[in-house]
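One structure below.
The values are calculated or read from the model by the stated rules, or taken from the named source; none is laboratory data. Just so it is clear, the model here is predicted, and its values are computed rather than measured. Reconstructed Cβ throughout: ideal geometry from the backbone, glycine too, with neighbour counts over all protein chains shown. Quick note on the areas: whole protein, heavy atoms, side chains included, nothing else; ligands and nucleic acids left out. Shrake-Rupley method; radii C 1.70, N 1.55, O 1.52, S 1.80 Å.
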Amino acid sequence: MAEQLNDAHASTGWLASSREAIAAMGDALSRFPVTVIFLFLMALQANAMVADIDLAPVWIPDSVRDEDLLLALLAAVFASFAATLLAQAWRLSALIAALLALLAGVAAFTVMWPTVADRTVEWAFLASLMALVPIAPFAGRGSGNAFWMFTARLAFAAALGLLAFVLFGGGISAILASLTHLFGIDIPSDLYEHIWASIGLFVAPLFGLGQTPRVFDEEPGGHEHDMMQRGMRALGDFAAVPLLIIYAVILHLYVAKIIVTGEVPQGQIGWLVLTYGSCIVAVLLLTKPFLDTARAPTRFFVRFWPLFLLVPLFLLFYALSLRVDAFGWTVQRYFLGLFGLVMLVLVVLQLVPRVRGDIRMIAGIPVLALLVGSFGPQGALDWSLSSQRERFLEIVRGEPEDVHTKAEALAVLRYLNGENAALDVAPDGFVQEDDESLYRQVARAWGLDPDNPVQRGRQGFSYNNPGTFAFALDGFDIAIQNAQFYRENDPTGGVTLPDGTVLRLLLKKNAVSLEPADGTPTLFLIDAAKIIELSSQGDQPAVLRLEADGRTILLIPGYLYARSDPETVLENFTGTVLLRSADWP
């Protein structure tokens, strides 16, 4: 009887938990209808990709990948979620909240769409939208402590969504795997992919959305506050703040060394300062509401943290100015400079009593700056391209004679070509041809040798293309997948062909050698100019057709690396090799 009661209680508990999960997802649908629609579309697109079905309309250009559509929908999810929270915090009507979410989602989708805004730094845009979610409800309202509490509860909701993803996905996969192993039922492998895609992009996020807190003005209090205070005080008193003080001392000593010796800062200084500033922001966001009763050194640091940033920021701007003067702006330098500017603004704001120590400002200003800098004419990519265009034209219009200066111009041109901007620096009257890469055509139009391997500060050339693409076999009937060639004097092992022939694979300078175990090697030469050209193609697919001794092979490189000092020499090649069996009797 007792066992039956326990079973009934367990069944009742399971049903209650299921009802709660369904209720949470229903609550998400009612609170965030626009976000749920974008989630559904994202899951639909992911499942279509698994099934190799093209859902994109016919008017979408072929250059747009399925992944681009998926990322654009992800941006729409974050933007619409943040907009809905903003509307709910301001107690706007459900209709206005839905319209605001739709507008934000469509705008974010557009910014991420390659053919509409091809100058977006995707990782920065998505990261800023994700960070904007907890900040949006506190735009112009609320308190720092309420923002902290809401963010903590939102993080807990996200953790529950992640747990739901693992439990639902893992549980269903385990059931299907059991059917295969115990009863011999054949489960298609792509069914697992459909399950994980559907749960990861729709069911689990929907469950997490249902856990989103409804209250925007709750602050840490009571027993919960006491527990958090003890943990956060310990984190600040005994870990974070002492380490940050040591870090600050090291940076200040390095600045003193520069002043005394006149030494120019070495590379990576900007990233060291960025790490230091980011750690300060993180510590303030995590511990600020709980440090009123902290130890004296911690209270001193939390109160006077702007003073610890002034000298490191000077170091950052000084090192950045040296790099920009020498090599122009790049996306990385843009974000370093933007970070320094944001931290300087935060330091100045501490002079204003009304916003001093407000973690809403400390969190919101960096996120908004990252959002603004991630796209558009003011963004990192456009800014960097404009700088590099000016730099390239300044070099070539000066008609350089020095080989290093010419090589520097070629390095800039490779960067522009990788961002599809080489045509922007073509000389007047330039006519593009289809039989050669745009990089080589523009270089020759300015009187530059596109094969010049000499580059200031460059040690080598590399090409990496992990993508998938189709190519014609053209009579080849043997494929060696994941072939690896290395520059070794005595290679061991080899690959066995279908007829039993064993071939050893070897690099000899700029040639790939295929050597039968009982025969002479055949050297297939790879022109150094082709290696350099590949390094300027980014991740575009490439196929190399090589001939030697009456034999022909196709090389489809996945990765290659060549050093360039003092000459271009191929050091590593990994990819696919296509052979004709008749050539290797």
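Results for (1) in contact with an Asp or Glu (Cβ under 7 Å, 6 or more places away or on another chain); (2) surrounded by 15 or more Cβ atoms within 10 Å (Cβ to Cβ); (3) modelled with pLDDT of 80 or more; (4) not in a helix (DSSP H, G or I), shown as yes or no for each residue.
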position: ILE195; (1), (2), (3), (4): no, yes, yes, no
position: GLY200; (1), (2), (3), (4): no, yes, yes, no
position: GLY208; (1), (2), (3), (4): no, yes, yes, no
position: GLU219; (1), (2), (3), (4): no, yes, yes, yes
position: HIS223; (1), (2), (3), (4): no, no, no, no
position: MET232; (1), (2), (3), (4): no, yes, no, no
position: PHE238; (1), (2), (3), (4): no, no, no, no
position: PRO242; (1), (2), (3), (4): no, no, yes, no
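Of all residue pairs spaced 6 or more apart or on separate chains, those with beta-carbon atoms under 6 Å, a first member in segment 517-541 that is farther than 30 Å from LEU410 by Cα and a second member that is modelled with pLDDT of 80 or more and open to solvent by 30 Å² or more (accessible area, probe 1.4 Å) are ALA517/VAL502; PRO521/GLU515; THR522/ASP549; THR522/ARG551. Only one of the numbered conditions (1) more than 30 Å from TRP305 (Cβ to Cβ); (2) touching a Lys or Arg at 6+ places or on another chain (Cβ under 8 Å); (3) modelled with pLDDT of 90 or more is violated by ARG389, and that is (2). Taken over segment 372-402, residues that are open to solvent by 20 Å² or more (accessible area, probe 1.4 Å), of a type outside the set (Val, Ile, Thr) and under 15 Å from ALA443 (Cα atoms) amount to 9. Within segment 112-148, restricting attention to residues that are open to solvent by less than 40 Å² (accessible area, probe 1.4 Å) and among the hydroxyl-bearing types (Ser, Thr, Tyr), the residue that is nearest to LEU381 (Cα to Cα) is THR120.
Pairs are defined by a Cβ separation below 7 Å, a sequence spacing of at least 6 or placement on different chains, a first member in segment 306-335 that is charged (D, E, K, R) and open to solvent by 70 Å² or more (accessible area, probe 1.4 Å), and a second member that is assigned to a helix (DSSP H, G or I) and at pLDDT 90 or above; the pairs so defined are ARG323/ARG333.
Checked against (1) farther than 30 Å from PRO366 by Cβ; (2) in contact (Cβ under 8 Å) with a residue 60 or more places away in the chain, THR180 passes all but condition (2). How many residues, within segment 20-37, are outside any loop (DSSP other than H, G, I, E, B), surrounded by 15 or more Cβ atoms within 10 Å (Cβ to Cβ) and either modelled with pLDDT under 90 or in contact with a Ser or Thr (Cβ under 6 Å, 6 or more places away or on another chain) (or both)? Number satisfying all stated conditions: 7. Would you say VAL302 is open to solvent by less than 50 Å² (accessible area, probe 1.4 Å), assigned to a loop (DSSP other than H, G, I, E, B) and in contact with a Leu (Cβ under 7 Å, 6 or more places away or on another chain)? When the stated conditions are applied, VAL302 does not pass them.
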